Amino acid sequence: MGMINKSAITVFSVIIILFALYGAIPHKITWEDSSISPVLISEICTSNHTAAYDDTGSYGADYIEIYNNSENTIDLEGYMLTKGRNSFVFPSLTVAPGQAVIAWCDEYSEDASEYRKGYMPRDIHDLGFRLSVGDKCILSDRQGEILSTVSIPNNLPEDRVYATSLHQKGEYSICDPSPYFLQESIFEKNETTLSEMPDYSMAGGWYDDAITVEIDGRGGEVYYTTDGSEPDENSTHYEGPIIISDRSIEDNIYSSIRECSVVNEYIPDHKVDKCTTLKSVIIKGGNKSRVRSESYFVGLSGEPYDTIPTISVSMPPEDLFGYENGIYVTGKVYDLFYDKYGYAEEYDYANYMGRGRGWEREAEIEYYSPEHVKVFEQQVGIRIHGGSSRTLNQKSFNLYARREYDGNDRFIVDPLSETSDDPVRSKLVLRSGGEVDLYITKMRDVLFQSLALGRDVGTQRAKPCNVFLNGEYWGTYNLQEGVNEEYIQEHYGVDPDNVIYVKNERANKKRPDANAMYNEMIRFAKEHDLSDEENYRHMEEIIDMQSCIDYFAAEIYCANPDAFVNNLVAWRTVNAENSEYGDCRWRWILLDLDEGAALKTEDSAADIDSFVEGNYWESLIGDNALFTALMQNEKFRTSFEESFREMLKTNYSYDKTSLRLKEMASLYKMPNIMSQNRFRGDFVDEGYFPGLDYKKPYTEEDFDRDIQVIDDFLKERNGYIEKYMEKHFEELGS
């Protein structure tokens, strides 16, 4: 027997060991040391509500981040991600050294054939599987070598990730997400919140002259900010008394940012009013206190500050205007779209178009009465509100009370309630006035909602207020009720967990089957002859007919062209409750009435026949499936005509409407003028004929003219409505 080569024995021994460890695996040797693996799994998220957005600006999908750990550009074509029996093979996708891409577990709908020539995606979509805690994820190269293996821990929370870092490659920890890059290191902070808070020698509020504020740190070190950001040990160290004076003479900061709008890019050519929001924190023994925040309005007096409330909103500037995650700017999402297609689609893709919890940021609000008394302050979530109005420079906001921010899942004070001692409200809206009336009166929606009070259709209470954003005057807004389950609970006394609603064709998230249930109601009306009494009785069982009538009548009266399809809210209980409104019938809530009353001259003038004309989406008689079907029934036509004539004599009598308009105009006038000169510039909406010759500045004469347009509408509208009803009802009855 010949001599056995020692090197052969060594190789054979290694093979035996590998078989013992792994069995008959079809892979070559693995990269046991992830710090030298050329490509590795660097971050995994199994529940992504707020962790990371994809290349469309959308949150929601699970994801796996892949990091190029080498010094060379790598093409991932042929590489494989495996989870259990599921696998995904990468197409061609190059990753530069030290860069990362994300593979999303979603169903992707974009047409890649439309991408501009040479565009290289940063993301991979539609892996074909979802991720869950406990899963094992394996990345292997095109030769089958395992490059990275990560087992997802069972205790991984929502919106947290299991990730590695530059200094601990291959070591994974539960941490905050850092999509598209590796953190230098990962470690959990074990901070304890101190019971003390900084104490200020002067409370926030209005002061005629400069003041000096001293901060008591309770034996700890005090750090503070005045730009809205949350203070920490890297902020300005408090060394002694702080002088706070009138900042309105200072240059504008946030008001000078141009990336907020692609429709009206006007920024003020004057120095806007300013306040100082002083935030401070105590740091003692490595632990932090809760943040103390006070806003000081120095040298600001008279209208509009002593006629309507003022709200100071403060938050980290990056959360508003930052490129990556700022909710008020075009930002990165806009550029991602441009890179893909070579043109910009600002109505679809921009940071400010982002929806859902992923585009919510934490903020502090301080609410002051017209008498300059602080009514309450609270940590809230803030998002951009609205549809196409998001593209304008004065954007609307949604405000959310959440337990995660300050322990309160409701607003601690309801600023819209005169009597409620125990408010249930969790959402408020700061509404700028709609897409067009934002630059005119800001009043139309509030006016027409208030005129419908007492009818069987839901309305949103509202009041005007001044807003300061991180210390700079941000115009006049309408503080308004937000429509959600709690709104329905408050107004109708039903269990909010038993409510479904459809708002602008979107179902409430608690009940995603709401759309199907609403569409089933519409389908029945469309497919059945409602002149047949049995079919109509069925509709009466599933619809509150008076609510339906009052909804359509209110929209017709104000000649709202943006109704019936858009700006529609319908709700019902899922299961029957022993209450007046718990009968599982559909009811309606008015929303966004701001484009009526001759704001769109050709579509919403007093003489427009809103039964068949003016609507952007569909003719009410003929195209709207529900109304057209109901109008085939004589009982419905009679009820509708009687109800509408009653409304014209009560809710919409000119004596009442003109008085309400006059009262509101008196309150809105000076705040609106100041707001227009902050945001409007020379902007002209071509559909509003009375304003075609407008030139800044906006004056009292401009406001009076714009109010007269509404008054003329109110004076003439009833006569036209009666004529059109008589015409159409006679035609339908013949």
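Out of R247, R290, report the one residue that is at pLDDT below 95 and not acidic (D, E).
The match here is R290.
Look at L416 and say whether it is modelled with pLDDT of 95 or more and under 24 Å from G205 (Cα atoms).
no
Evaluate the stretch 441-464: report whether one residue or more is among the hydroxyl-bearing types (S, T, Y) and part of a strand (DSSP E or B).
Looking for residues that are among the hydroxyl-bearing types (S, T, Y) and part of a strand (DSSP E or B), one finds none in the stretch 441-464, hence no.
Could you tell me whether the stretch 470-478 includes any residue that is under 17 Å from the mean Cα position of the chain (by Cα), closer than 16 Å to G434 by Cα and assigned to a strand (DSSP E or B)?
Yes, the stretch 470-478 has at least one match.
Which residues, counting only those in the stretch 640-685, are crowded, with 16+ Cβ neighbours inside 10 Å, over 13 Å from D706 (Cα atoms) and among the polar types (S, T, N, Q)?
Selection gives S643, N651, T657, S675, N677.
Look through the stretch 250-268, keep the residues that are of a type outside the set (A, V, I, L, M, F, W, C) and modelled with pLDDT of 95 or more, and return whichever of them is nearest to T193 (Cα to Cα).
For the stretch 250-268, the residue satisfying everything is Y254.
Being out of contact with any Leu (no Cβ under 9 Å at 6 or more places or on another chain) and in a helix (DSSP H, G or I) narrows it down to one of Y352, Y343, Y347, so name that one.
One residue alone meets the criteria, Y352.
Table: residues versus (1) more than 30 Å from Y439 (Cα to Cα); (2) more than 32 Å from the chain's Cα centre (by Cα).
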| site | (1), (2) |
| --- | --- |
| D550 | no, no |
| W571 | yes, no |
| E580 | yes, yes |
| R585 | yes, no |
| L593 | no, no |
| A597 | no, no |
| T601 | no, no |
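Do you know which of the residues in the stretch 103-129 that are under 20 Å from D335 (Cα atoms), without any contact (Cβ under 8 Å) to a residue 40 or more places away in the chain and surrounded by fewer than 14 Cβ atoms within 10 Å (Cβ to Cβ) is nearest to the chain's Cα centre (by Cα)?
Going through the qualifying residues, I end up with S109.
Identify the single condition in (1) farther than 30 Å from S148 by Cβ; (2) over 31 Å from the mean Cα position of the chain (by Cα) that E171 does not satisfy, given that it satisfies every other one.
Failing condition for E171: (1).
Please tell me if N624 is over 19 Å from Y720 (Cβ atoms), more than 33 Å from the chain's Cα centre (by Cα) and assigned by TED's automatic domain parsing to the domain that holds K442.
no
I want to confirm something. Restricting to the stretch 136-171 and keeping residues that are part of a loop (DSSP other than H, G, I, E, B) and touching a Leu at 6+ places or on another chain (Cβ under 8 Å), which single residue is surrounded by the most Cβ atoms within 10 Å (Cβ to Cβ)?
My answer is T164.
Quick one: would you say S140 is at pLDDT 95 or above, over 27 Å from H49 (Cβ atoms) and among the hydroxyl-bearing types (S, T, Y)?
So S140 fits the description; yes.
Quickly run through the stretch 23-70 and pick out the residues that are of a type outside the set (D, E, K, R) and modelled with pLDDT under 80.
Across the stretch 23-70, the qualifying residues are G23, A24, I25, P26, H27, I29, T30, W31, S34, S35, I36.
Output the number of the condition that F468 fails; it satisfies all remaining conditions of (1) over 30 Å from K695 (Cβ atoms); (2) touching a Cys at 6+ places or on another chain (Cβ under 6 Å).
Among (1) over 30 Å from K695 (Cβ atoms); (2) touching a Cys at 6+ places or on another chain (Cβ under 6 Å), F468 violates only (1).
For the stretch 655-706, give me each residue that is among the small types (G, A, S) and over 28 Å from the mean Cα position of the chain (by Cα). Don't jump to the end; show me each part of the working.
Quick first cut of the stretch 655-706, residues among the small types (G, A, S) only: 658, 665-666, 675, 681, 687, 691.
Answer for the stretch 655-706, where residues must be among the small types (G, A, S) and over 28 Å from the mean Cα position of the chain (by Cα): S658, A665, S666, G691.
Show the residue pairs that are 6+ apart or on different chains and have beta-carbon atoms under 9 Å apart, the first residue being within the stretch 78-89 and assigned to a loop (DSSP other than H, G, I, E, B), the second being small (G, A, S).
If the second residue must be small (G, A, S), the pairs left are G78/S92; Y79/S140.
For the stretch 480-531, give me the residue count where each residue is among the hydrophobic types (A, V, I, L, M, F, W, C), surrounded by fewer than 19 Cβ atoms within 10 Å (Cβ to Cβ) and over 16 Å from V569 (Cβ atoms).
The total comes to 2.
Within the stretch 437-453, how many residues are surrounded by fewer than 21 Cβ atoms within 10 Å (Cβ to Cβ) and either hydrophobic (A, V, I, L, M, F, W, C) or at pLDDT below 95 (or both)?
Within the stretch 437-453, the first condition is being surrounded by fewer than 21 Cβ atoms within 10 Å (Cβ to Cβ), and the residues that meet it are 450, 453.
Within this subset, residues satisfying the condition of being either hydrophobic (A, V, I, L, M, F, W, C) or at pLDDT below 95 (or both) are 453.
Matching residues across the stretch 437-453 total 1.
For the stretch 571-597, name all the residues that are of a type in the set (A, V, I, L, M) and surrounded by fewer than 24 Cβ atoms within 10 Å (Cβ to Cβ).
V574, A576, I589, L591
Being of a type in the set (S, T, N, Q) and part of a helix (DSSP H, G or I) is the filter; apply it to the stretch 611-654 and report the residue that is farthest from G733 (Cα to Cα).
Here the answer is S643.
Output the number of residues of the stretch 277-300 satisfying the condition of being touching a Lys or Arg at 6+ places or on another chain (Cβ under 9 Å) and either without any contact (Cβ under 8 Å) to a residue 24 or more places away in the chain or closer than 16 Å to E230 by Cβ (or both).
The total comes to 11.
Look through A576, A597, A570 and report the one residue that is in contact (Cβ under 8 Å) with a residue 40 or more places away in the chain and under 30 Å from A516 (Cβ atoms).
Selected residue: A570, the only one of A576, A597, A570 that is in contact (Cβ under 8 Å) with a residue 40 or more places away in the chain and under 30 Å from A516 (Cβ atoms).
Within the stretch 479-494, track down each residue that is touching a Ser or Thr at 6+ places or on another chain (Cβ under 6 Å) and either at pLDDT below 95 or among the small types (G, A, S) (or both).
The answer is E486, G493.
All but one of (1) at pLDDT below 95; (2) touching a helix residue (DSSP H, G or I) at 6+ places or on another chain (Cβ under 8 Å) hold for L568, so report the exception by its number.
Single failed check for L568: (2).
The values are calculated or read from the model by the stated rules, or taken from the named source; none is laboratory data. Just so we're clear, the structure is a prediction, and the values are computed from it rather than from any experiment. Quick reminder, even Gly has a Cβ in these numbers, built from the backbone with ideal geometry, and neighbours come from all protein chains shown.
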